[in-house]
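Here's the structure we're looking at; comments come further down.
The values are calculated or read from the model by the stated rules, or taken from the named source; none is laboratory data. Quick caveat: nothing in here was measured; it's all calculated off a predicted structure. Backbone-built Cβ (ideal geometry, glycine too); neighbour counts: all protein chains shown. Only protein heavy atoms, including side chains, enter the accessible area calculation; ligands, DNA and RNA are left aside. Shrake-Rupley method; radii C 1.70, N 1.55, O 1.52, S 1.80 Å.
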Amino acid sequence: MDTALIVAGSSAGFLGCLFSPLIILILLIGVIVICAIGYIFWPLVLICAIFGCGGGDGSASVDNDKVAEAFNGDGKGELAEGSVPSEFSEYIEDAGKECDQIGAVLIAAQIQQESAFNVKLVGPDGSAGISQLPQDKFDEFGEDDDDNDETSALDAGDSIMAQGRYMCSLAEDIDALIANNEVKGDRLDLTLSAYHLGLEKIKQAKGVPDHSGAQSYVFGVRTSFALYSGAIELPEGSSYPSISPLPESGL
């Protein structure tokens, strides 16, 4: 039990946040998934009944099979209605259609992991914006997608669409590496790791590195699939974490 919670907690990507009931809910989705690979199961429904899951009445609807299926899926399903702020939804949907390897659920889950939907976040390595692309990658893939006559990583539309293009480029590179037996592993996990660390580190490790936070990053993104795909229905009165982003000063 303790081991499962440690793994889930370290992987959810909410650095520096207070452990609100909704964040506890997100962490516990990871516990459900962990149980599928051998850890003790902690009933999420019971925890929701105790904590009220994000300010609701503790009536979150959880289907364990659907949560596990979402975690192990490809993030290509439809985005759950109301799961992201309305001003971002069109960009997230469009970015998810940039290529066949990705989808809107993946884009939203990745944004949650990268910035918690903080549009003005600037990371310690200089990565900027809601999707946290490194500056050189934004220069390569960024365009004026919001038609404001400026291409900026701090414009949510520009950043999200650049994220989609970069993920598609990485997915193509990963497919080639797999075909040439240069890397091994799940295609999506490898692509996410490449986004997080850079493609060269994936090549060097010949797969998802077992260090540098790559596995935690992949786990964190996949954990959010259940929320953004609608595999878990939040109780009345609660909201998705993306609807209440962190302050612009950072995580």
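Quick notes on this one:
- Lys206 - accessible surface, heavy atoms, 1.4 Å probe, Å² rounded to 10: 140
- Stretching Glu90 away from Asp125 to a fully extended chain increases their span by 9.8 nm, per 0.36 nm per residue minus the current alpha-carbon distance.
- Modelled label reach - Asn181, point 7 Å along Cα→Cβ, the range 208-228 residues with backbone N closer than 20 Å: 208
- Candidate residues Ser193, Ser89: accessible-area rank, largest first, probe 1.4 Å: Ser89, Ser193
- Largest accessible area first, the residues Ser159, Ser169 order themselves as Ser169, Ser159 under a 1.4 Å probe with ligands, DNA and RNA left out.
- For Lys120, a cut-off of 23 angstrom between C-alpha atoms picks up these lysines, skipping any fewer than 8 places away in its own chain: Lys137.
- Partner lysines for Lys184 [C-alpha distance under 20 Å; skip if fewer than 8 residues away on the same chain]: Lys201, Lys203, Lys206
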